[in-house]
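Novice: The structure follows.
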Amino acid sequence: MNFYVMTLFPDMITNGLNTSITGRAIEKGLLSVEAVDIRDFSTNKHMKVDDYPYGGGAGMVMQAPPVCAAFDSIVQRSGHRPRVVYMTPQGHTFTQKMAHEFAKEDDLVILCGHYEGIDERALEAIVTDYVSIGDYVLTGGELPAMVVIDTISRLVPGVLNNSESAETESFENGLLEYPQYTRPVEFNGMRVPDVLLSGHHGKVEEWRYQKSLERTKKFRPDMYEAYIKESAKDNEK
Ligand code: ADE
């Protein structure tokens with residue numbers, strides 16, 4: 001899968017994603033991440049890409065021409081018009097379900113805004129999806145873009161190895177993940193639950209399921225209600 005990140009801070013993207021699991025996947029050729037510097041497409045002699053907002057008000061607005069020219073260069077290289085995700089606190093809140101949906105694309109463009117945002121005409125011309133990572137405001141779209149790319153990447157076949165498998169994770173089955181333990185068996189007077197040492201696979205599964213339910217009810221009552229409703233529906237079938 002190929003990501004194209006349109007940004008004014010390309011180093012942030014490359015430095016952030018060229019390490020750890022995404023870095024390994026890039027090296028293996030399973031992913032590519034190209035940071036496209038919007039400033040390279042400025043036609044201004046000072047390479048300016050922002051200007052004052054019409055109508056007044058605080059801050060600067062990113063201009064439409066360099067943003068659209070940067071996108072055109074991606075269209076030329078990829079040979080088609082890929083989906084364009086604009087990172088904005090005004091978008092739909094990002095979910096695991098959306099990550100699965102985006103993971104079906106071969107090419108995905110992520111547009112990062114800065115300052116007071118981007119000229120609406122550029123957004124109307126190129127953006128297909130408006131996505132927020134939560135109800136808080138960051139200084140720019142680069143960290144949100146990395147969050148989205150990291151989440152999608154681990155769903156791309158081959159990116160995770162067996163021991164990192166994505167299937168039993170929180171959100172994949174509508175519940176939060178159960179607690180995990182490793183050696184030593186006793187730490188600061190606290191023992192690993194006996195059932196996990198029993199070797200009884202069925203009992204371990206049941207214990208984990210109960211812990212998942214407990215945890216979800218406590219920390220995410222909204223998810224818990226939805227899960228119980230869904231299970232009741234399934235039982236009626
Ligand atoms: N840019 C600034 N804040 C953001 C957020 N919460 N989500 C996505 N993009 C953003």
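Novice: What number, rounded to the nearest 500 deg cm²/dmol, is the helix-based mean residue ellipticity at 222 nm of the chain, given -39500 (n - 2.57) per DSSP H run of at least four residues and division by all its residues?
Specialist: Taken over the chain, the calculation gives -12000 deg cm²/dmol.
Novice: In degrees from 0 to 90, rounded to the nearest 10, what is the angle of the helix 201-219 Cα long axis to the longest principal axis of the chain?
Specialist: Once rounded, the angle reads 50 degrees.
Novice: Next up: Please give the length that would be gained between Ala125 and Ala226 if that part of the chain were fully extended, namely 0.36 nm times their separation in residues minus their C-alpha to C-alpha distance (nm, one decimal).
Specialist: Working: separation 101, 0.36 × 101 = 36.36 nm, distance 3.70 nm.
Between Ala125 and Ala226, full extension yields an extra 32.7 nm.
Novice: Local charge sum around Gly16 (other residues, Cβ-Cβ under 10 Å, Lys/Arg +1, Asp/Glu -1)? Write out the running numbers ahead of the final one.
Specialist: Numbers: positive: none; negative: Asp11, Glu142, Asp150.
Combined, the nearby Lys, Arg, Asp and Glu give -3.
Novice: Looking at the chain as a GNM with Cα springs under 10 Å, which of Gly174, Gly134, Gly199 has the largest mean-square fluctuation?
Specialist: Of Gly174, Gly134, Gly199, the Gaussian network model singles out Gly199 as fluctuating most.
Novice: Sorted by packing (mean other beta-carbon atoms within 10 Å per residue), highest first, where do 205-211, 187-193 land? Could the numbers behind the result be given before it?
Specialist: Values: 205-211: 14.0, 187-193: 9.3.
In descending order of packing, they fall as 205-211, 187-193.
Novice: For the peptides 123-133, 226-236, what is the packing order when you average, over each peptide's residues, the other Cβ atoms within 10 Å and list the highest mean first?
Specialist: Details: 123-133: 17.5, 226-236: 10.6.
Descending mean neighbour count gives 123-133, 226-236.
Novice: Around Met1, under 9 Å between beta carbons, what's the net of Lys plus Arg minus Asp minus Glu among the other residues?
Specialist: With Lys, Arg at +1 and Asp, Glu at -1, the neighbours total -3.
Novice: Quick one: if you stick a label point 7 Å off each Cα along the C-beta vector at Val185 and Asn161, how many nm between them?
Specialist: Here the answer is 2.9 nm between the modelled labels.
Novice: Another question about this same structure. What pairs from Lys28/Lys97; Lys104/Lys203; Lys97/Lys211; Lys48/Lys97; Lys104/Lys217; Lys28/Lys203 go past 28 Å between their alpha carbons? Could the numbers behind the result be given before it?
Specialist: Details: Lys28/Lys97 26 Å; Lys104/Lys203 36 Å; Lys97/Lys211 23 Å; Lys48/Lys97 38 Å; Lys104/Lys217 32 Å; Lys28/Lys203 39 Å.
The answer is Lys104/Lys203; Lys48/Lys97; Lys104/Lys217; Lys28/Lys203.
Novice: Phe171 versus Asp150, label points 7 Å from Cα toward the beta carbon: distance in nm?
Specialist: 1.1
Novice: Something else about it: Mind listing which trypsin sites (Lys or Arg not before Pro) in the stretch 15-57 are in a DSSP loop and have 14 or fewer other Cβ atoms within 10 Å?
Specialist: Counting only loop positions with at most 14 other Cβ atoms within 10 Å, the trypsin sites (Lys or Arg not before Pro) in the stretch 15-57 are Lys28, Lys45, Lys48.
Novice: When a/c is below 1.5 the answer is rounded, else prolate if a/b is larger than b/c, else oblate, so apply that to the stretch 55-119 with a ≥ b ≥ c taken from the square roots of the Cα gyration tensor eigenvalues.
Specialist: oblate
Novice: Same structure, new question: When Rg is the radius of gyration of the Cα atoms in the chain and Rh is its Kirkwood radius, what does Rg/Rh come to?
Specialist: 1.08
Novice: Quick check: pseudo-label points 7 Å beyond the Cα along Cα→Cβ at Leu30 and Glu116, how many nm apart are they?
Specialist: Distance between the two pseudo-spin positions: 4.4 nm.
Novice: Find how much the distance from Thr19 to Val204 grows on full extension, using 0.36 nm per residue of separation minus their present alpha carbon separation; answer in nm with one decimal.
Specialist: On the way: separation 185, 0.36 × 185 = 66.60 nm, distance 3.45 nm.
Length gained between Thr19 and Val204: 63.1 nm.
Novice: For the stretch 1-94, which chymotrypsin sites (Phe, Trp or Tyr not before Pro) are in a loop by DSSP, counting at most 11 other Cβ atoms within 10 Å?
Specialist: Qualifying residues, ordered by number: Tyr54.
Novice: Can you give the charge dipole size of the chain about its Cα centre, rounded to the nearest 20 debye, using +1 on the beta carbon of Lys and Arg and -1 on the beta carbon of Asp and Glu?
Specialist: The calculation lands at about 460 debye.
Since every read-out is calculated from the coordinates, none of them should be taken as a lab result. Just so you know, these numbers come straight off a predicted model, no measurement behind them. FYI the Cβ positions are ideal-geometry reconstructions off the backbone, even for glycines, and counts take in every protein chain you see.
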